[in-house]
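What follows draws every value from the coordinates through simple rules; no lab data is involved. Here the structure is a predicted model, which means the values were calculated and not measured. Glycine also receives a Cβ, built like all others from the backbone with ideal geometry; neighbour counts cover every protein chain displayed.
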Amino acid sequence: MTDSRDDDAAPLPERIVAEARAWAGTPYRHQASLKGVGCDCLGLLRGVWRAVLGPEPEEAPPYAASWAESARDGSDPLLAAARRHLVPVAEPPAAYRPRAGDVLLFAFRAHLPAKHCAIATGSAAMIHAHDGAAVTEVALTPWWRRHLVHAFRFPDPP
């Protein structure tokens, strides 16, 4: 198993994308975060963080698959965690173009909190773990763009 921290000469976004791509084919497993064994979308993000930046900044609490639908009114747990540990990018307006390594948050209903995250591999594609499938790189289609609600970047390594 390679560790993306081993190639500190490469720019951070390249290391993030390379590590995310190394997770391709990892089966979807709710709450898991182990490359080649299983992960969900947050588990993918957590695994990339560990490989590129080191220990996770906080432990993820247990969460149900329907956590976003049952979040307290006005709360957005995924967004709150992203704001604690990632660097915000201007709220993605229609003209926002993701950069390689950006962390993308999606909400599937306007009145619900962000429920899904992915890592951009450029302006037109992303890597994510999706229920019922393996980690894969997909096009950032108009459907995904309509549901994109926030964007962040990984912080600089310590």
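What distance in nm separates the simple spin-label points at Ala80 and Ala124, each placed 7 Å from Cα in the Cβ direction? Taking the simple label geometry, Ala80 and Ala124 are separated by 3.9 nm.
Explain nothing, just the number: dipole magnitude of the chain about its Cα centre with +1 on each Lys and Arg Cβ and -1 on each Asp and Glu Cβ, in debye rounded to the nearest 20.
Magnitude of the dipole: close to 400 debye.
Taking the charge dipole of the chain about its Cα centre, with +1 at Lys and Arg Cβ atoms and -1 at Asp and Glu Cβ atoms, the residue from Ala90, Ala80, Ala18 reaching farthest to the positive side is Ala90. The separation of the stretch 8-26 from the stretch 117-149, counted between C-alpha centres, amounts to 15 Å. The local environment of Ser123, defined by Cβ-Cβ distances under 9 Å, has a net charge of +2 under the rule Lys, Arg +1 and Asp, Glu -1. For the stretch 91-158, the C-alpha radius of gyration sits at 1.08 times the compact-globule guess of 2.2 N^0.38 Å, with N the residue count.
Once the trypsin sites (Lys or Arg not before Pro) in DSSP loops with at most 10 neighbouring Cβ atoms within 10 Å are cut out of the chain, the longest remaining piece is 1-71.
Under the simplified labelling scheme, the Val87-Gln31 pair shows an inter-label distance of 3.3 nm, with each label point 7 Å from Cα along Cα→Cβ. Model label sites at Thr136 and Glu59, defined 7 Å from Cα along the beta-carbon direction, differ in position by 3.4 nm.
Take every Cα pair under 8 Å whose residues are at least 6 apart in sequence, average their separation, divide by the length of the chain, and the relative contact order is 27 percent. The region of the chain that goes longest without hitting one of the GluC sites (Glu not before Pro) in a DSSP loop, each with at most 13 other Cβ atoms within 10 Å, is 70-158.
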